[in-house]
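To start, the structure itself, in structure tokens.
The values are calculated or read from the model by the stated rules, or taken from the named source; none is laboratory data. All of these numbers come straight from a predicted model, not from anything done at the bench. Neighbour counts are summed over all protein chains in view; Cβ atoms, including those assigned to glycine, are modelled from backbone coordinates with ideal geometry. Remember, those area values only see protein heavy atoms, side chains included, never the ligands or the DNA or RNA. Shrake-Rupley method; radii C 1.70, N 1.55, O 1.52, S 1.80 Å.
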Amino acid sequence: MRMRTPLLHLTSLLAVTAATLLHAQTPSEIDPMLGADKGGNVFVGPTLPFGMAKPGPDYGNNQGNAGWRATGDLNGFSQLHVSGTGGGPKYGNILVQPQADKADPANASAPREDEHAEVGYYSVKLGGSGIKAEVTTARRTPVYRFTYPDNKERTLLVNVGHLLMELHDSPHRYHESQVLFATDVHVVSPTEISGMQASVMGWNIQTVPMRFFFYLIADTPAVTSGTWEDGKAPVEGAKRARYSFPFTLVTIPNPPAPVVSTGAYLTFAPGSKPVTFKVGLSFVSVEQAKQNAMSEVQGFDFDATRKAAVAAWTKELSTIKITGGTPDERQQFATGLYHSMLMPVDRTGENPLWLTTGPTYDDFYCIWDTFRSSTPLLTLVAPKRVTNILQALMDIQDHDGFFPDGRAGNYSGRTQGGSDAEMMFADAYVKHLSGLDWERAYKAMRHDADADSPEPMRFGRGDMADYKSLGYLSIENSDMLGGPDRPGNRSMEYYANDYAVALMARGLGHTADAKLFSERASNWKKLWRADAVDHTEDGDIKGFIWMKHDDGSWMEPFDPRLVGTWYQDNFYEAGTWTYSLYVPQDTRALIQQVGGKDLFKKRLDLFFAPVFDPASQHSRYRYDVGNEPGFLSPYLYNWIGEQSSTAKTIRTILPKSYHTGLAGLPGNDDSGAMGSFLVFNQLGFYPVAAQNVYLIGSPTFPRSTITLANGKTFSVVAQNTSPTNVYIASATWSGKPYTRSWFTHDQLMLGGELKLTMTDKPTHWDTGTPPPSMSDKQ
């Protein structure tokens, strides 16, 4: 017995060590379908990190934002999609669909069976046909493998008229549905089809046609081929088909006319061997689409292309390593990181608008969503990528005259709130990202912060005369076409944007500008209505941000439950409870405005308390985890020495709002915004966007380590963390006692270890100085 004891101890030690080893996220831990349903709207098909090609299934009525829907038949696979967006769909271009027997595009949809998705791969069987469809992709070249029954003709349909649509009436001034503008398809040979599709409109109200080219090459020669036009029956032997839009942009019907089916087909002889084909894509020309297909995929090697996609993701995910957590928590973390790297899209070499040797990125959808958490996350794990993205934004600003807030289809639009690209640039500047001309960037930022955009719904700021003279956007003049347009949230966002400009001005030595924009950033107080009252279940809460007329009078009556959208005198996608807490530039002054720490804590406690508003039938009236304006708010407790309340709030929000499975997200993923919010919170800290500050929360995992671009590592250790041990008892930084509930990016980049000892009871360990604010003396 004595001889065996050391061996037993060693065995136990090895078992514990194996369970706690750090490991990077792997593609096998990711579920591409997590959050596809219930409004999450994530893209489920294969793609590369920030990949241009996003081939995936389009189901049902073709109104899914990312193509996928929980119900409805499979209509086919289109080559471009967005991920996580709301509003009217974008893309869904060039649909390919297998069909057993002769070409019949009007009856090509089929029920789905055995649907499966993993990183770099998607497959599904077409019910009743015996067909299995598989898809993987290179950067600009999807690859398909269709396996047909061996006793029937095998047909491949290519519908160049297909788009994702929004068919119901729009509540907005402009209809958000895409409209087919033109098509041209050509059967080049028994193995090749090429073509072009042009489309307009969609969520970004695109009025300049987006032209998209493709070149399809199959590994099997067809025995017959043909085309069809205007939804009519296919014509065997026809080589070309076209369509032209019969309306002007002024005479588009509302809702728009349905997409007109136009396309080509190849029919192969019966056989048991799968038909494999690749589809080169390009925004420049058919010739470049063909070149992409030939250069990116050697031959028709489906499996090698799939392995290359997995390898690309393995490399991209390797920066962060975690240990512990449940399988569900690890899957959520890995998938959140994955979703954060789907958009914006790298279209370098695919710019049809101007010649450039620099990087090209598109599908900023929208910066309003992603500047808060997605961009700061990428700055930590992929800083070179962020440099390229910002260089691309500079290129857009040079040619459009303004930074976009939203952009898709090589066309800027729409602007949801502020000029939030300024937040991205300031965030990169204070975190010392290399490779950017900061004086050039500042000149562009200052222009956007001061100029009146001729098209503020597309880019830049609007209604700057009131903003400069009154210190806010008035109800009367917040819309250049007359009437109101979101004056509440746009004013609050302009103030935060101005502080980002001020920080950069100060750093670059532009003293007068720093003073000017700091003063503008303080004007949020002009919209603070001290006599506004919400009669809550826990007593009256007084003082809220509210909207004003151009004569200085308040909008009446005050309504704490007002939540709105475009072209109204309101706040966008949140209410005054949320925007009254959105002063990221000066939380210290906000606390004073509310009435001090005690009243601020009471307000926060009520903000996060479960509430159901019977008048509006939802709880967005106060905190709504499913929309980005409230992302920072759980961490506001850190400014009043109540970090334990931050920890409790975060560890309550995450398990209630984030899950595995199709309904795993609390709202639109918004190009990875929801995913990056989860990743930061599981790591145990959260960024203050456009500032050099991270706020400490409550880590999910016992240990996480980020490999930094300078070769150093930064780790967060949460000793004894569990679903009950959510509070911090004490902290050390690289072995030394630490009492601040925040740290800087400079500290993080030096490497080291933040060790948190967790407990099941609230404490006041955070006795150090609170996080910085604009009104601090230093």
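Kindly list the number of the only condition in (1) part of a helix (DSSP H, G or I); (2) surrounded by 20 or more Cβ atoms within 10 Å (Cβ to Cβ) that fails for K515.
K515 satisfies all of (1) part of a helix (DSSP H, G or I); (2) surrounded by 20 or more Cβ atoms within 10 Å (Cβ to Cβ) except (2).
Any residue at all in region 191-200 that's in contact with a Leu (Cβ under 9 Å, 6 or more places away or on another chain), closer than 24 Å to K273 by Cβ and touching a residue at least 60 places away in the same chain (Cβ under 8 Å)? Can you show your working first?
Taking region 191-200 and keeping what is in contact with a Leu (Cβ under 9 Å, 6 or more places away or on another chain), we get 191-195, 197-200.
Cutting the leftovers down to closer than 24 Å to K273 by Cβ gives us 191-193.
When the remaining residues are screened for being touching a residue at least 60 places away in the same chain (Cβ under 8 Å), the result is 191, 193.
Scanning region 191-200 turns up at least one residue that is in contact with a Leu (Cβ under 9 Å, 6 or more places away or on another chain), closer than 24 Å to K273 by Cβ and touching a residue at least 60 places away in the same chain (Cβ under 8 Å).
Mind listing whichever residues of region 722-736 are touching a residue at least 40 places away in the same chain (Cβ under 8 Å) and either in contact with a strand residue (DSSP E or B) (Cβ under 9 Å, 6 or more places away or on another chain) or not in a loop (DSSP other than H, G, I, E, B) (or both)?
V726, Y727, I728
Which pairs turn up if I take residues in region 294-306 that are over 9 Å from V143 (Cβ atoms) and at pLDDT below 95 and look for partners that are of a type in the set (A, V, I, L, M) and part of a helix (DSSP H, G or I) with beta carbon separation below 9 Å, at least 6 apart in sequence or on another chain?
Note: pairs meeting the criteria are Q298/A304.
Whether any residue in region 699-721 is within 26 Å of T652 (Cβ to Cβ), open to solvent by 40 Å² or more (accessible area, probe 1.4 Å) and outside any loop (DSSP other than H, G, I, E, B) is what I want to check.
Looking for residues that are within 26 Å of T652 (Cβ to Cβ), open to solvent by 40 Å² or more (accessible area, probe 1.4 Å) and outside any loop (DSSP other than H, G, I, E, B), one finds at least one in region 699-721, hence yes.
Whether any residue in region 737-751 is small (G, A, S) and farther than 25 Å from L317 by Cα is what I want to check. Give the derivation first.
Within region 737-751, the first condition is being small (G, A, S), and the residues that meet it are 741, 751.
Subsequent filtering for residues that are farther than 25 Å from L317 by Cα retains 741.
Within region 737-751 (the criterion being small (G, A, S) and farther than 25 Å from L317 by Cα), the answer is yes, since at least one residue qualifies.
Looking at this structure, is A36 open to solvent by less than 10 Å² (accessible area, probe 1.4 Å), without any contact (Cβ under 8 Å) to a residue 40 or more places away in the chain and either more than 26 Å from I217 (Cα to Cα) or touching a His at 6+ places or on another chain (Cβ under 6 Å) (or both)?
Criteria not met by A36.
Would you mention how many residues in region 502-512 are within 22 Å of I367 (Cα to Cα) and either of a type outside the set (A, V, I, L, M, F, W, C) or open to solvent by 10 Å² or more (accessible area, probe 1.4 Å) (or both)?
1
Kindly evaluate T379 against the criterion of being open to solvent by 20 Å² or more (accessible area, probe 1.4 Å) and among the β-branched types (V, I, T).
Working: open to solvent by 20 Å² or more (accessible area, probe 1.4 Å): no; among the β-branched types (V, I, T): yes.
No, not satisfied.
If you take the residues of region 382-425 that are open to solvent by 10 Å² or more (accessible area, probe 1.4 Å) and at positive phi, which of them is nearest to the chain's Cα centre (by Cα)?
Residue satisfying both the conditions and the ranking: N410.
From T705, T721, T739, T763, which residue is over 25 Å from Q585 (Cβ atoms) and more than 32 Å from the chain's Cα centre (by Cα)?
Working: T705 fails: more than 32 Å from the chain's Cα centre (by Cα); T721 fails: more than 32 Å from the chain's Cα centre (by Cα); T739 fails: over 25 Å from Q585 (Cβ atoms).
On inspection, the qualifying residue turns out to be T763.
Quick one: S734 ticks every box in (1) within 26 Å of V430 (Cα to Cα); (2) within 30 Å of the chain's Cα centre (by Cα) except a single one, so which number is it?
(2) is the only condition that S734 fails.
Hey, can you tell me all the residues within region 259-293 that are in a helix (DSSP H, G or I) and either surrounded by fewer than 20 Cβ atoms within 10 Å (Cβ to Cβ) or at pLDDT below 95 (or both)?
Going residue by residue through region 259-293, those that are in a helix (DSSP H, G or I) are 286-293.
Matches in region 259-293: V286, E287, Q288, Q291.
Which residues, taken from region 59-71, are within 19 Å of S123 (Cβ to Cβ) and open to solvent by 40 Å² or more (accessible area, probe 1.4 Å)?
Those that are within 19 Å of S123 (Cβ to Cβ) and open to solvent by 40 Å² or more (accessible area, probe 1.4 Å): R69, A70.
Do the conditions hold for I728, that is, is it more than 26 Å from the chain's Cα centre (by Cα), open to solvent by less than 10 Å² (accessible area, probe 1.4 Å) and closer than 25 Å to T326 by Cα? Before the answer, list the steps.
Details: more than 26 Å from the chain's Cα centre (by Cα): yes; open to solvent by less than 10 Å² (accessible area, probe 1.4 Å): yes; closer than 25 Å to T326 by Cα: yes.
Answer is yes for this residue.
Okay, residues lined up against (1) modelled with pLDDT under 95; (2) within 35 Å of the chain's Cα centre (by Cα); (3) of a type in the set (K, R); (4) under 22 Å from V381 (Cα atoms):
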| position | (1), (2), (3), (4) |
| --- | --- |
| H9 | yes, no, no, no |
| T20 | yes, yes, no, no |
| M33 | no, yes, no, no |
| G51 | no, yes, no, yes |
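Go through region 469-501 and give me each residue that's over 23 Å from A689 (Cα atoms), open to solvent by 10 Å² or more (accessible area, probe 1.4 Å), in contact with a helix residue (DSSP H, G or I) (Cβ under 8 Å, 6 or more places away or on another chain) and of a type outside the set (A, V, I, L, M, F, W, C).
N477
Hey, can you tell me all the residues within region 72-107 that are under 26 Å from E176 (Cα atoms), open to solvent by 10 Å² or more (accessible area, probe 1.4 Å) and part of a loop (DSSP other than H, G, I, E, B)?
G72, D73, G86, G87
Would you please name the residue that is least open to solvent (accessible area, probe 1.4 Å), looking only at residues in region 439-468 that are touching a strand residue (DSSP E or B) at 6+ places or on another chain (Cβ under 8 Å) and in a loop (DSSP other than H, G, I, E, B)?
The extreme case among them is S453.
What are the residue pairs meeting all of these: first residue in region 98-124, first residue modelled with pLDDT of 95 or more, second residue open to solvent by 70 Å² or more (accessible area, probe 1.4 Å) and polar (S, T, N, Q), Cβ atoms under 9 Å, and 6 or more apart or on different chains?
These pairs meet every condition: Q99/N107; E118/S28; V119/S28.
Name every residue in region 212-236 that is part of a strand (DSSP E or B) and either at pLDDT below 95 or of a type in the set (D, E, K, R) (or both), in order of residue number. Full working, then the answer.
Residues of region 212-236 part of a strand (DSSP E or B): 212-218, 224-228, 235-236.
Once the filter is applied, which keeps residues that are part of a strand (DSSP E or B) and either at pLDDT below 95 or of a type in the set (D, E, K, R) (or both), region 212-236 yields only E236.
Collect the residues in region 549-607 that are within 16 Å of L473 (Cβ to Cβ) and without any contact (Cβ under 8 Å) to a residue 12 or more places away in the chain, keeping them in residue-number order.
D551, S553
Enumerate the pairs (first residue in region 395-414 and assigned to a strand (DSSP E or B); second residue anywhere and open to solvent by 10 Å² or more (accessible area, probe 1.4 Å) and among the acidic types (D, E)) with beta-carbon separation below 6 Å, excluding pairs fewer than 6 apart on the same chain, so at least 6 apart or on different chains.
Sorted first by the residue in region 395-414, then by its partner, the pairs are S412/D400.
Suppose we filter T356, T370, T323, T276 for residues that are in contact (Cβ under 8 Å) with a residue 12 or more places away in the chain, touching a Gly at 6+ places or on another chain (Cβ under 8 Å) and of a type in the set (V, I, T); which single one remains?
Values: T356 fails: touching a Gly at 6+ places or on another chain (Cβ under 8 Å); T323 fails: touching a Gly at 6+ places or on another chain (Cβ under 8 Å); T276 fails: touching a Gly at 6+ places or on another chain (Cβ under 8 Å).
Step by step, each of T356, T370, T323, T276 is checked, and only T370 is in contact (Cβ under 8 Å) with a residue 12 or more places away in the chain, touching a Gly at 6+ places or on another chain (Cβ under 8 Å) and of a type in the set (V, I, T).
Quickly run through region 426-438 and pick out the residues that are closer than 16 Å to S374 by Cβ and either open to solvent by 40 Å² or more (accessible area, probe 1.4 Å) or basic (K, R) (or both). Break it down stepwise before answering.
The first filter runs over region 426-438 and keeps only residues closer than 16 Å to S374 by Cβ, leaving 426-428, 431, 433.
Listed by number, the list holds a single entry, K431.
Filter region 294-329 for residues that are open to solvent by less than 50 Å² (accessible area, probe 1.4 Å) and β-branched (V, I, T); which is farthest from F50 (Cα to Cα)?
T323
Can you name the helices (runs of 4 or more DSSP H) wholly within region 569-651 that have at least 1 residues being at pLDDT 95 or above, surrounded by fewer than 22 Cβ atoms within 10 Å (Cβ to Cβ) and out of contact with any Leu (no Cβ under 7 Å at 6 or more places or on another chain)? Spell out the reasoning first.
On the way: elements: 576-579, 587-594, 597-608.
Where helices (runs of 4 or more DSSP H) fall fully within region 569-651 and carry at least 1 residues being at pLDDT 95 or above, surrounded by fewer than 22 Cβ atoms within 10 Å (Cβ to Cβ) and out of contact with any Leu (no Cβ under 7 Å at 6 or more places or on another chain), they are 587-594, 597-608.
Taking only pairs six or more apart or across chains, which ones have beta-carbon atoms under 6 Å, a first residue in region 415-428 that is at pLDDT 95 or above, and a second residue that is part of a helix (DSSP H, G or I) and open to solvent by 10 Å² or more (accessible area, probe 1.4 Å)?
If the second residue must be part of a helix (DSSP H, G or I) and open to solvent by 10 Å² or more (accessible area, probe 1.4 Å), the pairs left are M424/T375; A426/L503.
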